[in-house]
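Enquirer: Sharing a structure, written as structure tokens. Questions coming.
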Amino acid sequence: MKALVYEEYAPDDNFARILKIKELPDPTPKPNEVVFKVKFAGLNYDDIWAMRGRPIQIPMPHISGTDAAGEVIAVGNDVTTVKVGDRVVSHGNLSCRVCPACTDGREYDCRYRKIWGFQTGPLWGGFCEYVHLPEVNVVKIPENVSYEEAAAASMVLVTSWHMLVGRARIRPGQIVLIMGGTSGIGTFGIQIAKLYGCDVIATASPSKLDQCLKLGADFAVDHRKEDWHKEVFAITKNLAKEKGTNAGVDVIFEHIGGSHWNKELTLLKYGATLVTTGATIGYEVQTDLRHIFFKGVNVLGSTQGTRSELVDGLYWMSKGKIKSIIDSVYTFENAVEAHTKMLKGESVGKILLKPN
């Protein structure tokens, strides 16, 4: 089979130097595994981290790719819920399924957890023609959801759903701030918050503000402005007058970090929630603790989500209530261009790869 492989890191982001297309043996399923032919696979920022070799080093030689969708071509002898010909998408959270966290429904907290295509290997990820995964790590794609839409949804849909529904417990009528609204998780964050009947303020760069509004955001703010948070607070003051409530944000959907962090904290209402799943512009932040303890706010960490949360999200996609936003599709031969586009933040929604 054809696969996109690298055998060394590119800390300088010179992806062209390391990414190579190679021929590898086709996988055969273990008793509990499913093998499927990849139709499309989605890019994630952890693909960049893996090629840089930081914040963690990953197994070499390496095949990246956590989100893959395709048609099942073989199943192991112990597989009972999936059959040849089924359309499936990966759930990239590999966990032990027997530890206290897993059996408590918190597979994302499993101490043995690995992200498929990021921490796995050697040579085990979604950027190849055929992939193998445990039966529990594939989900059937509803009939009216395409391979492209499923591949674009997998990680970002379950991550967004877990952040807002699983962790922040959003409720109708709340004011929700979605940072980076045109990113992969941001596009789903906007839609999930609207599905739950929330007032949504999204942030993005100036050229992408209209995209946030098209996705359903009620307001869009340029977070590259120094005082963007003041504009957000002014919006909440107007909403508060209409609702007869206090100004401020009920839930902040955070995955940016850096210099935005403290400004986000100032926006939270008393008892409000900030849920964070990443820090694309910086891990090290300054925190004014008064914004946390004095207002009694909740700062929640979040990573990935459960298989059942992915099933829930795909259900709403099948009902037309949530949709994948696909920026572009590249072949393996153009993978360097695809990764560079993601690195530069030039995409709206997900970038996909396909084997040919």
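The values are calculated or read from the model by the stated rules, or taken from the named source; none is laboratory data. Nothing here was measured: the structure is a model prediction, and the numbers come from that model. In this analysis, Cβ positions are derived from the backbone assuming ideal geometry, glycine residues included, and neighbour counts consider all displayed protein chains.
Yes/no matrix, rows are residues, columns are (1) over 16 Å from residue 123 (Cα atoms); (2) buried (at least 21 other Cβ atoms within 10 Å of the Cβ); (3) in the same structural domain as residue 185 (by TED's automatic domain parsing):
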| site | (1), (2), (3) |
| --- | --- |
| 8 | no, no, no |
| 12 | yes, no, no |
| 16 | yes, no, no |
| 23 | no, no, no |
| 41 | no, yes, no |
| 56 | yes, no, no |
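Enquirer: Here are the criteria: (1) outside any loop (DSSP other than H, G, I, E, B); (2) in contact with a Phe, Trp or Tyr (Cβ under 9 Å, 6 or more places away or on another chain); (3) crowded, with 19+ Cβ neighbours inside 10 Å; (4) modelled with pLDDT of 95 or more. Tell me which single one residue 124 does not satisfy.
Expert: It fails just one condition, (1).
Enquirer: Condition check: among the polar types (S, T, N, Q) and assigned by TED's automatic domain parsing to the domain that holds residue 222. Does residue 276 satisfy that?
Expert: For residue 276, the condition - among the polar types (S, T, N, Q) and assigned by TED's automatic domain parsing to the domain that holds residue 222 - is met.
Enquirer: Checking the condition surrounded by 20 or more Cβ atoms within 10 Å (Cβ to Cβ), in contact (Cβ under 8 Å) with a residue 12 or more places away in the chain and of a type in the set (A, V, I, L, M, F, W, C), which residue from 215, 239, 300 passes?
Expert: 215
Enquirer: Related question: For segment 249-277, which residues satisfy the criterion of being on the phi > 0 side of the Ramachandran plot and crowded, with 16+ Cβ neighbours inside 10 Å? Write out each step before concluding.
Expert: Applying the first criterion (on the phi > 0 side of the Ramachandran plot) to segment 249-277 yields 257-258, 271.
The answer is 257, and nothing else.
Enquirer: If you don't mind, there's one more thing I want to ask. Only one of these conditions is not met by residue 148: (1) surrounded by fewer than 23 Cβ atoms within 10 Å (Cβ to Cβ); (2) assigned to a loop (DSSP other than H, G, I, E, B). Which number is it?
Expert: The single condition residue 148 does not satisfy is (2).
Enquirer: In addition: If you go through segment 218-253, how many residues are modelled with pLDDT of 95 or more and closer than 16 Å to residue 186 by Cα?
Expert: So the answer is 8.
Enquirer: Residues of segment 283-297 being touching a residue at least 24 places away in the same chain (Cβ under 8 Å) and among the aromatic types (Phe, Trp, Tyr), which ones?
Expert: 283
Enquirer: Does residue 180 meet the test of being surrounded by fewer than 23 Cβ atoms within 10 Å (Cβ to Cβ) and on the phi > 0 side of the Ramachandran plot?
Expert: Against the criterion (surrounded by fewer than 23 Cβ atoms within 10 Å (Cβ to Cβ) and on the phi > 0 side of the Ramachandran plot), residue 180 does not qualify.
Enquirer: Go over the candidates 343, 314, 310 one by one and state the one that is under 30 Å from residue 20 (Cβ atoms) and touching a residue at least 40 places away in the same chain (Cβ under 8 Å).
Expert: Every option except 343 fails the conditions.
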